[in-house]
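**Student:** Please find one structure pasted underneath; my questions will follow.
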Amino acid sequence: MKRFAVSLIFIFSFVSSHSVFAQTSDEQIAVQYYSNREYEKAAELFEKLYEKRPDSYFYSYLLQSYVELKDFKSAEKLVKKQIKRFSNLPRYKVDLGYIYESSNQPSKAIKEYEEAIKNSPAEPFYISDLANSFISRRQYDYAIQTYQNGRKVLKSSSMFTLEITSIYELMGKYENALQEYFNLIDENIQEVFTVQNRLQSLLLKDEDGKIYEIIRINTLKQTQKNPDKLSYSLLLMWLSIQNLDFETALFQAKAIDKRFKENGDRVFDLAKICTENKRWDDAINAYQYVLSKGINNNLYILAQVEILKVKFLKIIETYPINQTVIRLIDKEYSKTIHEIGFNPGISDLIRNQAYINAFYLNQDQIAIKLLDSLIAYPGLNQREKDVAKLELADILLFNNEIWDAVLLYAQVEKDFPNDTLGQSAKLKNAKLSFYIGEFEWSKAQLDVLRAATSKLIANDAMQLFFTIEDNLDEDDSLNLALQLYAKADLLLFKNKDDDALLTLDSIFTLGLYNSLFDEVLYKKAQIYVRRGQYIIADSLLKKMISFYPEELFTDDALFFRAEIQHYYLKDKNKAMDLYQELITTFPGSLLSYEARKRFRLLRGDTPNDPIN
């Protein structure tokens with residue numbers, strides 16, 4: 001008896017598995033027929049499969065096979081059978097309407113579509129399912145009607161906003177989409193950030209600027225109609241930032257601050273964004289506005305500090321050097337430091353003033369005195385002392401006090417051997433050795449730094465290491481080209497740009513080809529950027545990438561070109577293209593992370609500020 005039972009189980013299992021295998025095999029063959037556009041054969045198999053298992057998978061294949069064969073009677077019969085089986089799913093009414101429309105019966109199609117919407121149950125899932133069915137048939141207007149009807153039956157005017165806006169955007173009806181977004185932020189100001197993110201995705205597809213202009217004009221109209229609503233003012237300011245129009249954004253931020261009696265926080269935050277984008281004048285203007293709120297404002301001292309930092313950055317990135325302006329800024333530094341009080345909390349200001357005096361005003365003794373006072377200040381932590389020592393060592397190198405600079409770099413490296421500060425000191429020491437022609441010693445130090453924890457330090461070390469490695473000729477004791485390149489680099493460090501350019505050009509006179517030519521073009525581009533001649537710099541980098549695509553500095557040149565377009569020529573789209581090219585072409589580059597970050601910044605992926 002037991003043996004008989006086991007036999008029955010075996011036979012049943014065999015038959016079942018054989019049946020499943022046969023069905024799976026038929027399914028694969030049917031799908032293959034469909035893919036090959038052999039719709040008659042596909043329909044024949046899918047009919048059998050559907051009868052055994054009338055699910056949406058086989059149903060969809062079978063229905064579309066009938067449509068391709070223009071067998072609309074069979075298609076209609078199939079859909080009606082499906083409606084009877086799943087009467088609670090209104091999506092099949094859409095399929096019936098689709099069949100009528102395909103068979104040139106538009107009035108019948110409209111009737112089915114309208115009935116599907118009318119009979120849709122008051123359940124969000126079913127409403128979305130029906131709308132998606134319309135979308136799949138490219139019946140976008142009916143999809144919108146579905147969602148609007150859903151709002152009525154669910155008694156919520158804000159439901160399905162994002163779904164409706166997606167459809168409007170798909171249809172190119174951007175003004176309709178904007179109205180939905182406006183309704184959303186009218187109900188909840190916090191939704192401004194959701195709207196910004198959605199609009200940002202839309203702007204990425206905006207190649208000719210038309211979508212931006214539609215958004216700007218409509219948002220401006222809403223702002224004018226609703227001057228007391230913060231949400232529209234915020235959206236308008238955000239749009240200006242997306243367009244890198246920081247002057248307009250600042251005007252709007254000030255207006256928001258005044259109208260809503262804010263404390264300058266928003267303008268202060270915008271100043272930071274301007275600084276990140278190297279819009280020095282806009283950042284200075286923003287900080288001056290915060291300062292105008294008076295000494296009792298909680299941001300007053302911070303604004304004092306930050307405005308001087310921006311002015312310092314503007315000095316070191318502006319050419320030609322205006323001694324009168326620099327002396328005025330130096331006086332501002334002295335006044336602010338005196339007002340706040342000489343203390344470790346403003347050590348960065350003290351270091352900046354020392355740098356200005358040493359590198360721009362030829363007052364190295366004042367600079368050294370400032371740094372010595374900072375280093376000796378009671379209570380200053382060791383890290384801040386060593387940061388000041390690095391600045392002091394740079395000044396000593398600037399004045400050709402080579403061995404004193406070496407000593408200070410070594411002290412900082414010893415104090416922080418496994419820290420980025422110590423690695424930075426080691427890199428500076430390696431560069432110093434390079435400047436004075438001690439190439440082998442420099443290369444040995446750089447080799448260690450290639451594994452530095454800081455990616456930027458590691459990248460700089462690797463660049464200089466391979467510059468030496470690739471151009472150091474053991475058979476040439478003079479290594480004249482490399483000596484000239486090192487001399488030009490030192491002249492650039494000393495802000496002697498004209499002399500550096502002449503020295504670099506002399507390398508081209510050594511022969512028809514030299515392995516340093518790509519590095520020379522890169523270095524010249526750096527100088528022209530300092531001089532404000534951005535078009536020349538960009539053309540040199542473009543030439544370098546074209547002539548030397550496989551060389552060491554190619555990814556750096558691409559990144560540098562992107563920076564020029566981003567910060568100086570203000571071509572947002574070109575900058576994004578170049579950052580993207582770097583990410584795609586050089587995914588292993590140490591610069592790809594920074595390129596991705598800059599790309600996202602331009603795309604508008606930065607975190608939003610909280611609403612006051």
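The values are calculated or read from the model by the stated rules, or taken from the named source; none is laboratory data. Everything numeric here is computed off the predicted structure, so don't read it as measured data. FYI the Cβ positions are ideal-geometry reconstructions off the backbone, even for glycines, and counts take in every protein chain you see. Each accessible area value is taken on the protein alone, full model and side chains, heavy atoms only, with ligands, DNA and RNA left out. Shrake-Rupley method; radii C 1.70, N 1.55, O 1.52, S 1.80 Å.
**Student:** One residue is enough: does segment 550-557 have a residue meeting the conditions among the small types (Gly, Ala, Ser) and in a loop (DSSP other than H, G, I, E, B)? Working first, answer last.
**Tutor:** First, the residues of segment 550-557 that are among the small types (Gly, Ala, Ser): 557.
Right, trim to in a loop (DSSP other than H, G, I, E, B) and you get none.
Checked against the condition, which is being among the small types (Gly, Ala, Ser) and in a loop (DSSP other than H, G, I, E, B), segment 550-557 yields no hits at all.
**Student:** Of all residues in segment 230-262 being in contact with a helix residue (DSSP H, G or I) (Cβ under 8 Å, 6 or more places away or on another chain) and not in a helix (DSSP H, G or I), which is most open to solvent (accessible area, probe 1.4 Å)? Spell out the reasoning first.
**Tutor:** Residues of segment 230-262 in contact with a helix residue (DSSP H, G or I) (Cβ under 8 Å, 6 or more places away or on another chain): 230-244, 246-250, 252-257, 259-260, 262.
Those still in the list that are not in a helix (DSSP H, G or I) too: 243-244, 260, 262.
Details: 243: 82, 244: 25, 260: 62, 262: 25 Å².
Among those residues, the one meeting the criterion is 243.
**Student:** Can you tell me which of (1) open to solvent by 30 Å² or more (accessible area, probe 1.4 Å); (2) in a helix (DSSP H, G or I) is the one residue 461 doesn't meet?
**Tutor:** (1)
**Student:** Another question, then. Please pick out the residue among 225, 229, 221, 261 that is over 24 Å from residue 179 (Cβ atoms) and of a type in the set (Lys, Arg).
**Tutor:** Details: 225 fails: over 24 Å from residue 179 (Cβ atoms); 229 fails: over 24 Å from residue 179 (Cβ atoms); 221 fails: over 24 Å from residue 179 (Cβ atoms).
Every option except 261 fails the conditions.
**Student:** I would also like to ask the following. Condition first: over 22 Å from residue 413 (Cβ atoms) and in contact with a Cys (Cβ under 8 Å, 6 or more places away or on another chain). Can you find one or more residues in segment 284-307 that meet it? Please lay out each step first, then the result.
**Tutor:** In the first step, residues of segment 284-307 are kept if they are over 22 Å from residue 413 (Cβ atoms); the result is 284-307.
So of that shortlist, the ones also in contact with a Cys (Cβ under 8 Å, 6 or more places away or on another chain) come out as 286.
Within segment 284-307 (the criterion being over 22 Å from residue 413 (Cβ atoms) and in contact with a Cys (Cβ under 8 Å, 6 or more places away or on another chain)), the answer is yes, since at least one residue qualifies.
**Student:** Scan 404, 415 and give me the residue that is farther than 21 Å from residue 491 by Cβ, of a type in the set (Asp, Glu) and surrounded by fewer than 22 Cβ atoms within 10 Å (Cβ to Cβ). First the steps, then the outcome.
**Tutor:** Numbers: 404 fails: farther than 21 Å from residue 491 by Cβ.
None of the other options fit; the residue is 415.
**Student:** Still on this structure, I have one more. Among the residues of segment 263-277, write down those that are within 14 Å of residue 291 (Cα to Cα) and either in a loop (DSSP other than H, G, I, E, B) or open to solvent by 10 Å² or more (accessible area, probe 1.4 Å) (or both). Don't jump to the end; show me each part of the working.
**Tutor:** Taking segment 263-277 first, the residues within 14 Å of residue 291 (Cα to Cα) are 263-269, 271.
Of everything in segment 263-277, those that are within 14 Å of residue 291 (Cα to Cα) and either in a loop (DSSP other than H, G, I, E, B) or open to solvent by 10 Å² or more (accessible area, probe 1.4 Å) (or both) turn out to be 263, 264, 265, 266, 268, 269.
**Student:** Right, something else. Give segment 26-57 a look and list any residue that's open to solvent by 50 Å² or more (accessible area, probe 1.4 Å), part of a loop (DSSP other than H, G, I, E, B) and closer than 21 Å to residue 81 by Cα, or say none.
**Tutor:** 53
**Student:** Return the total of residues in segment 88-129 being polar (S, T, N, Q), out of contact with any Pro (no Cβ under 9 Å at 6 or more places or on another chain) and under 25 Å from residue 159 (Cβ atoms).
**Tutor:** Filtering segment 88-129 down to residues polar (S, T, N, Q) leaves 88, 102-105, 107, 119-120, 128.
Those left that are additionally out of contact with any Pro (no Cβ under 9 Å at 6 or more places or on another chain): 102-105, 107, 128.
Applying the additional criterion that residues be under 25 Å from residue 159 (Cβ atoms) yields 128.
Here the count works out to 1.
**Student:** Kindly establish whether residue 427 is closer than 18 Å to residue 507 by Cβ and in contact (Cβ under 8 Å) with a residue 12 or more places away in the chain.
**Tutor:** On the way: closer than 18 Å to residue 507 by Cβ: no; in contact (Cβ under 8 Å) with a residue 12 or more places away in the chain: yes.
In short, no.
**Student:** Still on this model: Considering 142, 181, which residue is farther than 30 Å from residue 233 by Cα and either open to solvent by 50 Å² or more (accessible area, probe 1.4 Å) or not hydrophobic (A, V, I, L, M, F, W, C) (or both)?
**Tutor:** Only one candidate passes the filter, namely 142.
**Student:** Right, next: Filter segment 345-361 for residues that are of a type in the set (Ser, Thr, Tyr) and more than 20 Å from residue 318 (Cα to Cα) and give the result. Spell out how you get there, then give the answer.
**Tutor:** The initial filter retains those residues of segment 345-361 that are of a type in the set (Ser, Thr, Tyr), namely 347, 355, 360.
Scanning segment 345-361 gives a single hit, 347.
**Student:** Just name the residue that is nearest to residue 456 (Cα to Cα) out of those in segment 504-559 that are open to solvent by less than 40 Å² (accessible area, probe 1.4 Å) and of a type in the set (Asp, Glu).
**Tutor:** Among residues in segment 504-559 that are open to solvent by less than 40 Å² (accessible area, probe 1.4 Å) and of a type in the set (Asp, Glu), the one nearest to residue 456 (Cα to Cα) is 556.
**Student:** Applying the selection to segment 292-319, what residues are among the basic types (Lys, Arg) and either closer than 21 Å to residue 330 by Cβ or surrounded by fewer than 15 Cβ atoms within 10 Å (Cβ to Cβ) (or both)?
**Tutor:** 309, 311, 314, listed by residue number.
**Student:** Scan the helices (runs of 4 or more DSSP H) fully inside segment 119-187 and keep the ones with 1 or more residues being within 17 Å of residue 202 (Cβ to Cβ) and out of contact with any strand residue (DSSP E or B) (no Cβ under 6 Å at 6 or more places or on another chain).
**Tutor:** Details: elements: 124-136, 140-154, 161-171, 174-187.
Because the criterion is at least 1 residues that are within 17 Å of residue 202 (Cβ to Cβ) and out of contact with any strand residue (DSSP E or B) (no Cβ under 6 Å at 6 or more places or on another chain), the helices (runs of 4 or more DSSP H) in segment 119-187 that meet it are 140-154, 161-171, 174-187.
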